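I have placed the structure first, in the form of C-alpha cells, so that the comments after it can refer back to it.
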Amino acid sequence: MSVVVLGAGMHPWGKQGRPFQEYGLAAARAALKDAGLTWPDVQYVVGADTIRNGYPGLVSAATFSQAMGWTGARIASCYAACASGAQAIDIARARILAGLCDVALVVGADAAPKGFFTPVGGENDPDHLRFRLLGATNPAYFALYARRRMAMYGDTPDDFAAVKVKNSRAGALNPYARYRAEVTAEQVAASPMVADPLRLLDICATSDGGAALVLASRRYAGSRGAVEIAAVSTVTPTYPNTVLELPNFATDSTAAVPPPENPFRTDIARAAYEEAGLGPEDLSLAEVYDLSTALELDWYEDIGLCARGEAAKLVRSGETALGGRLPVNPSGGLASFGEAIPAQAIAQVCELTAQLRGTAGPRQVEKARVGLAANQGLFGHGSAVIATSRR
Amino acid sequence: MWFTVEDDLTYLVGSRCADCGAYFFPPVAGGCRNPRCDGQDLQETRLSRRGTVWSYTNACYPPPAPFVAAEPYVPVTLAAVALAEEGLVVLGQVKDLTVDDLEVGMELELTSGPLADGPLVWMWGAAS
Ligand SMILES: [Zn+2]
C-alpha cells in the first residue's frame, strides 16, 4: 500500500533571520504549486514542530494554516527532534492509508539560533544536566562516535574529510543548499578543532529552512504522481541499547540481557526495508543524516551499503559520490545544508522525489528508482523513509 | 545523588534491579527498564570504580550555559568508560588528562573534581 508524493517544495536553507513561518509558507506554497493544487484542496495538514520559536512553533500546523487562511481542514502538530519531519510524513500517510483523507500537506520549518544548541527543558532533565555537569554539547557525542570508528576500524581524519569533500561537491549544485562552495580536504584539515577528532568542517551547522510535501491516495492522484512512499520506519531501540545516545549519561546495561543483534540505527533501516519489501541492493541513492562526516560512514554500514568497518573504503572508492554506483547525499546532505531540525527529514524526501522523478538537474542520479532517507531522531526516535518510482 | 566520596574514593551511585540484575546510571525509579522484567525493587548500588575507555573527546570551545566555563578556559576532556561488571558505558569529565593522554581501551579510575563555579562532580582520572 503506497501513498503518492504529489508535490514537493522547499525554501532555501540559510541564516536569513526571518520568522520560521515564512520559510514554511514558502515551502508549502511551492509544494502545492508543484502538485497542481490550491490551498483549499488540502484536507489534512501536519506540521513538524520547532521548539525554539515559542508557542507558534509548538502548534505549527495551526500556525501554518492560520497564515494560509483557515479552511476548516483537519490538522496535527508533532515533535520528534530530528525525526519530526518523518513523523509528520508518517502521520499524514497513516491517515491517507486509513481512508480518512485523500490529500494532505506536510510542512516543517525552523529558524535556528547561533552557535551550539542549548537545553530548552527543566533543570532536572538529562538534556540540561549534561551541559551543566559535563559541558557535553551535541558535537561531543558525534566526536565520541568518530573516535570509536578510528579505534575500531582504523578510520582517519582524512577519511572523514573525504565525506565533506564529496557532499560539498553535490551541495554546490543544489540551489536550496546553504553552503554552495566546494571544500577541499586541506580546508577541512585546516579548520579549527571543535571536539577532537572532529573539526569545524566535519560538523553540521544549524540553519533556517523550510520544506513541504503534498501526499495523496492513489485514488485521488489518478495517473499523476510518479513517486510513492513505500515505507516509513519509526522504530525505537531494542533494550539494551549499547550506544551512548545523546543526551544520555550512560548506555543501557548488558548485565541482565545480552546486546541485541543489531544496533539502533541498523534497526531503523531494517524496519524500512521490511515494510517496503526491498533491500540495500535495490537502492539507487540514499540520503543519510550526516550530523558529522564520520556519522555518514556509520550510516553506510547501518543501512547495509557495506560491512562494518568498510565505510571509509567505500567513500574513498567514489561509489557514494555523484556519478558513482550508489550516491549518498546527492542533495549535499547536512554538510551543505546545516540542520533545520523539523524541516530536514522532509527535505530528505524532497530530494528523493526530485531524483525519482528525474528532475534533479546536474545532481541527477541515473535511472533512479528507489531511494532511502535515514535519520537519527535522537532520544530513541529513529526514522527512515523509502520512496520508489513507478517509472 | 549520582556519586559519593568516602575515604577519598569516589563511587558512582546507580540502581540495580533485584529481580534481573540490570544496572542503571543515573539511578532510576518507577520500575526496571528491562522490558521483559517486572521488577519494582531497584536498589541503590555503588558501581565499579575502574573501567576501560570506550571513546573520548574534548570541548575546544567553552560549552554554552548552563555550563560554567573557567577563565581562562581550559578545554574540557570527556571520556565514555565501559564498566565490565555492570555492562554500562558511563560518560564523565576527565581530570588532569588531555585527549593526547587517552586511548580507547585504556583503564581509568573514578575520581571527582570541582566545576568552575564550585560544585563537585564525578570525573574519570588516571588509574592508580
Ligand atoms: Zn529487572
Problem set entry | Which listed residue is away from the ligand (no atom under 16 Å from the Cβ), under 21 Å from the mean Cα position of the chain (by Cα) and either of a type in the set (Gly, Ala, Ser) or surrounded by fewer than 23 Cβ atoms within 10 Å (Cβ to Cβ) (or both), from A:Ala286, A:Ala312 | A:Ala286
Problem set entry | Criterion (in a helix (DSSP H, G or I) and either open to solvent by 30 Å² or more (accessible area, probe 1.4 Å) or out of contact with any Phe, Trp or Tyr (no Cβ under 7 Å at 6 or more places or on another chain) (or both)) met by exactly one of A:Val235, A:Val188 | A:Val188
For this session: Scan the helices (runs of 4 or more DSSP H) fully inside the range A:83-171 and keep the ones with 3 or more residues being facing chain B (nearest Cβ under 8 Å) and at pLDDT 95 or above.
Result: A:138-153
Problem set entry | helices (runs of 4 or more DSSP H) enclosed by the range A:267-357 - at least 2 residues per element that are under 22 Å from A:Ala151 (Cβ atoms) and out of contact with any Lys or Arg (no Cβ under 8 Å at 6 or more places or on another chain) | A:293-302, A:311-317
Exercise. Does B:Val5 count as assigned to a strand (DSSP E or B), surrounded by fewer than 16 Cβ atoms within 10 Å (Cβ to Cβ) and not small (Gly, Ala, Ser)?
Worked result: yes
Exercise. When the range A:138-154 is examined, which residues are found to be open to solvent by 10 Å² or more (accessible area, probe 1.4 Å) and not hydrophobic (A, V, I, L, M, F, W, C)?
Worked result: A:Asn138, A:Pro139, A:Tyr145, A:Arg147, A:Arg148, A:Tyr153, A:Gly154
Problem set entry | Criterion: β-branched (Val, Ile, Thr) and under 21 Å from the mean Cα position of the chain (by Cα) - qualifying residue of A:Val188, A:Val163 | A:Val163
Exercise. For A:Val120, all conditions in the list (1) touching an Asp or Glu at 6+ places or on another chain (Cβ under 8 Å); (2) buried (at least 18 other Cβ atoms within 10 Å of the Cβ) hold save one; what is the number of the exception?
Worked result: (2)
Problem set entry | Criterion: free of Cβ contacts under 8 Å to residues at least 40 places away in the same chain, away from chain B (no Cβ under 14 Å) and not basic (Lys, Arg) - qualifying residue of A:Ser223, A:Ser253, A:Ser191, A:Ser207 | A:Ser223
Exercise. Which residues, taken from the range B:114-125, are open to solvent by 50 Å² or more (accessible area, probe 1.4 Å) and either farther than 19 Å from B:Phe25 by Cβ or touching a helix residue (DSSP H, G or I) at 6+ places or on another chain (Cβ under 6 Å) (or both)?
Worked result: B:Pro114, B:Ala116, B:Asp117
Exercise. Identify, please: which residue in the range B:83-113 is assigned to a helix (DSSP H, G or I) and open to solvent by 50 Å² or more (accessible area, probe 1.4 Å) and is, among those, farthest from the other protein chains (Cβ to nearest Cβ)?
Worked result: B:Asp101
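Conditions tested, residue by residue: (1) more than 12 Å from the ligand (Cβ to nearest atom); (2) under 13 Å from the mean Cα position of the chain (by Cα); (3) more than 11 Å from chain A (Cβ to nearest Cβ); (4) under 18 Å from B:Gly113 (Cα atoms).
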position: B:Leu12; (1), (2), (3), (4): yes, yes, no, yes
position: B:Cys17; (1), (2), (3), (4): no, no, no, no
position: B:Cys20; (1), (2), (3), (4): no, no, no, no
position: B:Cys37; (1), (2), (3), (4): no, no, no, no
position: B:Leu42; (1), (2), (3), (4): no, no, yes, no
position: B:Arg46; (1), (2), (3), (4): yes, yes, yes, no
position: B:Arg50; (1), (2), (3), (4): yes, yes, yes, yes
position: B:Cys60; (1), (2), (3), (4): yes, no, no, no
Seminar exercise, completed: Picking from B:Gly87, B:Gly31, the residue that is among the small types (Gly, Ala, Ser), touching a residue at least 24 places away in the same chain (Cβ under 8 Å) and within 16 Å of the ligand (Cβ to nearest atom) would be B:Gly87
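The values are calculated or read from the model by the stated rules, or taken from the named source; none is laboratory data. On a predicted model such as this, the values are computed, not experimentally measured, just so you know. Note that we place each Cβ from the backbone using ideal geometry, even for glycine, and neighbour counts take in every protein chain shown. Accessible surface areas use protein heavy atoms only, side chains included; no ligands, DNA or RNA. Shrake-Rupley method; radii C 1.70, N 1.55, O 1.52, S 1.80 Å.
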